[in-house]
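Trainee: Sending over a structure as structure tokens; questions will come in a sec.
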Amino acid sequence: MKLIIQPDDGVTPVVKAIKKAKKAIDIVIFRFDRTEIEKALDAAVDRGVVVRALIAHTNRGGEQKLRKLEQRLLAYGATVSRTADDLPRYHGKMMIVDGALHVYGFNYTKLDIEKSRSFGVVTRDKRLVAEAMKLFEADNNRTNYTPGHPRLVVSPESSREILTAFLKRARKQLLIYDAAVTDNLVQRVLAERVKAGVAIRIIGGLEKALPGVKVRKLADLRLHVRAIVRDGEEAFIGSQSLRKLELDGRREVGVVVHDSRIAKKITAVFDADWAHAQKAQPKEKAS
């Protein structure tokens, strides 16, 4: 399992994965403006790779760009489908390349990759890959998806159950990247964990001040990831914030990672961001 850290790693891991593809690429797109990725997909088709792109039916302010992207990909020879319009937003960021699953917190855009704090994870776990393929096929064919793996976190079908359970199992510490923790149940779970002695820090935002939960704003970078590290050993990375719409209404995709090496790497980034945010706080005037 590999961790991608943005903006440090940049577009290279995505482009490299596409360039190495030999058989098939299935990619889900919500926002897209990276010509390097587009050229790599074009070249993949030219060398005989089966490329399928599932593109969101809409996004805020960018629908025209999505439709133009569809036309270009079709001209390259890729198979292009559009998501249904039954959910308010198809916001997941996922790519499957020759048996490797990529789940990203970032879109394929310059803003997300070069100017935002975000993460992605790459795994070859066969069961996870198979489950992600099942999700892709369901959304590609506009059929119902039934969750079948406890670590693939899919909104609206399974994310509330999986993520609240993930939070409840914390015994020592929760580190959370999230721009808007607003879900009432999640906030109650966090309050309960504090009472149980769990130290909780959030980089981003929290709807209501909760005693014992420390919150800071990310300095210098835009925050565009939803990630949680539990007890320094396990992590969640995905596209869904801990708010009702993203848990219960939209298509979001994430993954729970049982790899302490990944968890520790995210923790190191979090601690550095936290320390920098502290230094970036305005100094109080002496009384």
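Trainee: Quick one: if you stick a label point 7 Å off each Cα along the C-beta vector at Ala180 and Glu207, how many nm between them?
Mentor: The two pseudo-label positions are separated by 1.0 nm.
Trainee: Relative to the Cα centre, what is the charge dipole magnitude of the chain, using +1 at the beta carbon of each Lys and Arg, -1 at the beta carbon of each Asp and Glu, and rounding to the nearest 20 debye?
Mentor: 540
Trainee: Could you work out how far helix 159-168 tilts from the main Cα principal axis of the chain, as a 0 to 90 degree angle to the nearest 10?
Mentor: 30
Trainee: Continuing with the same structure: Taking a spot 7 Å from the Cα of His57 along the direction of its beta carbon, which residues of region 248-280 have an amide N less than 19 Å from it?
Mentor: Counting only backbone N, you get 248-253.
Trainee: Rounded to a whole number, what % of the accessible area of region 48-122 do carbon and sulfur atoms account for, probe 1.4 Å?
Mentor: Accessible surface attributable to carbon and sulfur in region 48-122 totals 48 percent.
Trainee: Measure nothing fancy, just the Cα-based angle from helix 126-141's long axis to the longest principal axis of the chain, in degrees from 0 to 90, nearest 10.
Mentor: It is inclined by approximately 60 degrees.
Trainee: On to the next question. Could you tell me which of the pairs Lys16/Lys68; Lys110/Lys265; Lys39/Lys244; Lys19/Lys214; Lys22/Lys244 are separated by over 31 angstrom between their Cα atoms in the structure shown?
Mentor: Over 31 Å Cα-Cα: Lys39/Lys244; Lys19/Lys214; Lys22/Lys244.
Trainee: Over the Cα atoms of region 99-198, what radius of gyration and what Dmax do you get, in Å?
Mentor: Values for region 99-198 (Cα only, Rg and Dmax): 16.0, 46 Å.
Trainee: Please report the relative contact order for the chain, taking Cα pairs under 8 Å with a sequence separation of at least 6, and give it as a percent rounded to a whole number.
Mentor: 19
Trainee: Another question, then. Using the Kirkwood radius built from alpha carbon pairs, what does the Stokes-Einstein equation give as D for region 9-85 at 10 °C and 1.306 mPa s, in µm² per second?
Mentor: Working: Rh = 12.7 Å.
Estimated diffusion coefficient is 125 µm²/s.
Trainee: Let me ask you something else. Can you give me the P(r) profile for region 1-138? Cα pairs, bins 5 angstrom wide beginning at 0, each as a whole percent.
Mentor: In order of increasing distance, the bins hold 2, 10, 21, 24, 23, 15, 5, 0 percent.
Trainee: Accessible area per residue, 1.4 Å probe, Å², for region 94-175: what's the number?
Mentor: Per-residue value: 40 Å².
Trainee: Still on this model: Using a 7 Å offset from the Cα along the Cα-to-Cβ direction at both Arg72 and Leu221, what is the distance between the two label points in nm, to one decimal?
Mentor: Going by the 7 Å Cα→Cβ label model, 2.6 nm.
Trainee: Cβ neighbours within 10 Å, averaged per peptide: list 55-65, 84-94 in order, most packed at the top.
Mentor: The most tightly packed comes first, giving 84-94, 55-65.
Trainee: If you don't mind, another one. So if I place +1 on the C-beta of Lys and Arg and -1 on the C-beta of Asp and Glu, and nothing else carries charge, what would the dipole magnitude of region 21-138 be about its Cα centre? I want it in debye, nearest 20.
Mentor: Dipole size: approximately 180 debye.
Trainee: Accessible area, 1.4 Å probe, largest first: how do Asp46, Asp178 sort?
Mentor: Numbers: Asp46 120, Asp178 0 Å².
Ranked from most to least accessible, the order is Asp46, Asp178.
Trainee: Over 10 Å intervals from 0, what percent of Cα-Cα pairs in the chain sits in each interval?
Mentor: Reading the bins upward from 0: 7, 29, 36, 20, 7, 1, 0, 0.
Trainee: Could you give me the radius of gyration and the Dmax of region 155-287, taking only the C-alpha atoms into account and expressing both in angstrom?
Mentor: Using the Cα atoms of region 155-287, the pair Rg, Dmax is 14.6, 53 Å.
Trainee: Taking the chain as the reference, fit the longest principal axis to its C-alpha atoms, fit the long axis of helix 260-280 to the helix C-alpha atoms, and give the angle between the two in degrees, 0 to 90, nearest 10.
Mentor: So the helix axis and the longest Cα principal axis differ by about 60 degrees.
The values are calculated or read from the model by the stated rules, or taken from the named source; none is laboratory data. A quick note: this is a predicted structure, and the numbers were derived from the prediction, not measured. FYI the Cβ positions are ideal-geometry reconstructions off the backbone, even for glycines, and counts take in every protein chain you see. Surface areas here come from the heavy atoms of the whole protein model, side chains and all, with no ligands, DNA or RNA. Shrake-Rupley method; radii C 1.70, N 1.55, O 1.52, S 1.80 Å.
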